[in-house]
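The values are calculated or read from the model by the stated rules, or taken from the named source; none is laboratory data. Everything numeric in this text was worked out from a predicted model, so none of it was measured. Positions of Cβ are backbone-derived with ideal geometry, glycine not excepted, and every protein chain shown enters the neighbour counts. The area values use the complete protein model at the heavy-atom level, side chains included, leaving out ligands, DNA and RNA. Shrake-Rupley method; radii C 1.70, N 1.55, O 1.52, S 1.80 Å.
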Amino acid sequence: MGDQPSNRKKVCVQGLGFVGSAMAIAIANASSDKGERLYDVTGVDLPTVEGNRRVAAISKGELPFTNSDDLLKDALKEAFRAGNISATTNPDVYKEADVIIVDINLDIDYQPGGPTVPLDGFKNAVRTVGDLVKPGALVIVETTVPPGTCEKVVVPVLDEALAERGLPKGCVHVAHSYERVMPGKDYLASIIHYWRVYAGVNEEAGNHCEEFLSTIINTKDYPMTRLHSTTASETSKVLENSYRAAAIAFMEEWGRFAEAVGIDLFQVINAIRVRPTHSNMRQPGFGVGGYCLTKDPLFAQIAAKEYFGLSDVDFAFCKRAVEVNKEMPLVSVGKLNDYFQGDLKGKKIALFGVSYRQDVGDTRYSPSETFVKALQEKGARVDCHDPLVDYWHDLNRPIEQELHADRYDAAVFAVGHKEYKEMNVRQWLGEHTLLILDANDVLTDQQRSEFRAEGCHVVSIGRGELL
């Protein structure tokens, strides 16, 4: 970073996960009206095995994650060639940063007294910033956090660190602006060409945040929305994800109804989506995964209890949505169990898809993990395939390069990767027949028909068996 032109502002992205890595690339490609790059960007991660791997990848101009967005890959290559993106595990780079983006993941810890969010790692990250950041710098928290975190955690931690350095409280501008990153084919576009919500802890911080983000985001087509406080901005992200999680959970009971009475719920949903007010209606499926919908609905309850001392606020829908969505993969296990008359011991199952969503190589909180563990507990053997995953670190197991039909009693299609929707049914089957479970509307109508024509029994989540 030090070798770059001095007129560029310096930006550090703290945390090089799926959000931080993409955000660093987006910032590095921000340019002026004359086409000049605006920022020198350094991604910062911890000196762990995973942190070192991410830093090493970006330092070579390579993405640290498998993904299907060629635009993101090209953007990284262009920034690497331009020399305005780098990565390190040395936090000293914060000393020169004009802007620091905090992208540190938060997990849920389920305690007997209720769920909580361990904040030690997050606080340590913020404290590191406070120990090194220069006065006048802008700190933007992108992490999805319990509402109130910026005011009740981030600002006090920063102020304490600044005071120990003999610097006045509030000399660093703090803001919150949550990401809506969608890993997959629109990975980069979900940052640059998408609406942003933001707020500062005060008006001045909000102004600095607005000025900076306006250089990254296509605000002409995707105007930003400024809220009156960081707590409001934090609430916006949690509510947004809670709404989606609840809407998905709601569809599960309709999926069971459709299967029982012999209708195609996906046709029904598509008919309803024609109505503009219902165009984003969800659908039943294999399960909910990823780092957001599996835990974010619980953040409001945690904030109410731990930050604001509200004992009489109960987020019943949010809690139930998380429970329902967590159990969704077990419905597919039940379908297999019913077909094999309650005896899955020794059955060989081919699972197509272990990532949490299509066209993404991210297995965090994947519903496939719940599915595989449940089948193994019943004595089944499960082999897994995913075109975007080479090794499943969550289960410490390799991913098969090919799954041949003649080796299995059943095949489960769990993730709608492009490769599966283009599968040649007759070629894959050969002379073999087996149970086919379309657990997530992965297969096309034609593929399901071809499987049946070849003698396979086909079962679908959300459809009656004859459909």
* Of all residues in region 238-278, count the ones that are over 15 Å from Asn325 (Cβ atoms), open to solvent by 10 Å² or more (accessible area, probe 1.4 Å), β-branched (Val, Ile, Thr) and touching a residue at least 60 places away in the same chain (Cβ under 8 Å). => 2
* Does Leu437 count as touching a residue at least 40 places away in the same chain (Cβ under 8 Å) and either basic (Lys, Arg) or in contact with a His (Cβ under 7 Å, 6 or more places away or on another chain) (or both)? -> no
* **In region 333-369, the residues that are in contact with a His (Cβ under 9 Å, 6 or more places away or on another chain) and not in a strand (DSSP E or B)** => Tyr339, Gly353, Val354, Ser355, Gln358, Asp359, Thr363
* Among residues of region 362-379, those that are surrounded by fewer than 20 Cβ atoms within 10 Å (Cβ to Cβ) and either touching a helix residue (DSSP H, G or I) at 6+ places or on another chain (Cβ under 7 Å) or over 20 Å from Val322 (Cβ atoms) (or both), counted -> 5
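Please pick out the residue among Lys77, Lys34 that is open to solvent by 70 Å² or more (accessible area, probe 1.4 Å), over 20 Å from the mean Cα position of the chain (by Cα) and under 30 Å from Arg357 (Cβ atoms). Give the derivation first.
Working: Lys34 fails: under 30 Å from Arg357 (Cβ atoms).
None of the others qualify; the one that does is Lys77.
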* Asked: When you look at Glu253, is it out of contact with any Leu (no Cβ under 9 Å at 6 or more places or on another chain), farther than 20 Å from Thr144 by Cα and modelled with pLDDT of 95 or more, yes or no?
  -> no
* **Checking Gly285 against (1) open to solvent by 70 Å² or more (accessible area, probe 1.4 Å); (2) in a loop (DSSP other than H, G, I, E, B), the condition it does not meet** => (1)
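Looking at Asp98, is it closer than 30 Å to Glu306 by Cβ and open to solvent by 10 Å² or more (accessible area, probe 1.4 Å)? Please lay out each step first, then the result.
Values: closer than 30 Å to Glu306 by Cβ: no; open to solvent by 10 Å² or more (accessible area, probe 1.4 Å): yes.
Against the criterion (closer than 30 Å to Glu306 by Cβ and open to solvent by 10 Å² or more (accessible area, probe 1.4 Å)), Asp98 does not qualify.
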* For region 265-282, which residues satisfy the criterion of being within 17 Å of Phe250 (Cα to Cα), of a type outside the set (A, V, I, L, M, F, W, C) and not in a helix (DSSP H, G or I)? -> Ser279, Asn280, Arg282
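Out of curiosity, is His393 surrounded by fewer than 16 Cβ atoms within 10 Å (Cβ to Cβ) and at pLDDT below 95? Outline the logic, then answer.
Values: surrounded by fewer than 16 Cβ atoms within 10 Å (Cβ to Cβ): yes; at pLDDT below 95: yes.
Yes: the conditions hold for His393.
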* Are any residues in region 289-328 part of a loop (DSSP other than H, G, I, E, B) and open to solvent by less than 20 Å² (accessible area, probe 1.4 Å), and if so, which ones? -> Gly289, Gly290, Leu293, Lys295
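Conditions (1) part of a loop (DSSP other than H, G, I, E, B); (2) β-branched (Val, Ile, Thr); (3) open to solvent by 50 Å² or more (accessible area, probe 1.4 Å); (4) free of Cβ contacts under 8 Å to residues at least 60 places away in the same chain, marked per residue:
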{"residue": "Val382", "(1), (2), (3), (4)": "no, yes, no, yes"}
{"residue": "Leu403", "(1), (2), (3), (4)": "yes, no, no, yes"}
{"residue": "Asp406", "(1), (2), (3), (4)": "no, no, yes, yes"}
{"residue": "Val412", "(1), (2), (3), (4)": "no, yes, no, no"}
{"residue": "Met423", "(1), (2), (3), (4)": "yes, no, no, yes"}
{"residue": "Gln447", "(1), (2), (3), (4)": "no, no, no, yes"}
* Asked: For the subset of region 103-143 comprising residues that are of a type in the set (Ser, Thr, Tyr) and over 21 Å from Asn90 (Cβ atoms), which member is least open to solvent (accessible area, probe 1.4 Å)?
  -> Thr143
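Of the residues that make up region 58-67, is at least one on the phi < 0 side of the Ramachandran plot, under 23 Å from the mean Cα position of the chain (by Cα) and open to solvent by 50 Å² or more (accessible area, probe 1.4 Å)? Spell out the reasoning first.
Filtering region 58-67 for residues on the phi < 0 side of the Ramachandran plot gives 58-60, 62-67.
Those still in the list that are under 23 Å from the mean Cα position of the chain (by Cα) too: 58, 62-67.
Restricting the remaining residues to those that are open to solvent by 50 Å² or more (accessible area, probe 1.4 Å) gives 62, 66.
The answer is yes, given that some residue of region 58-67 is on the phi < 0 side of the Ramachandran plot, under 23 Å from the mean Cα position of the chain (by Cα) and open to solvent by 50 Å² or more (accessible area, probe 1.4 Å).
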* To do: Report whether or not Glu431 is open to solvent by 10 Å² or more (accessible area, probe 1.4 Å), among the acidic types (Asp, Glu) and outside any helix (DSSP H, G or I).
  => yes
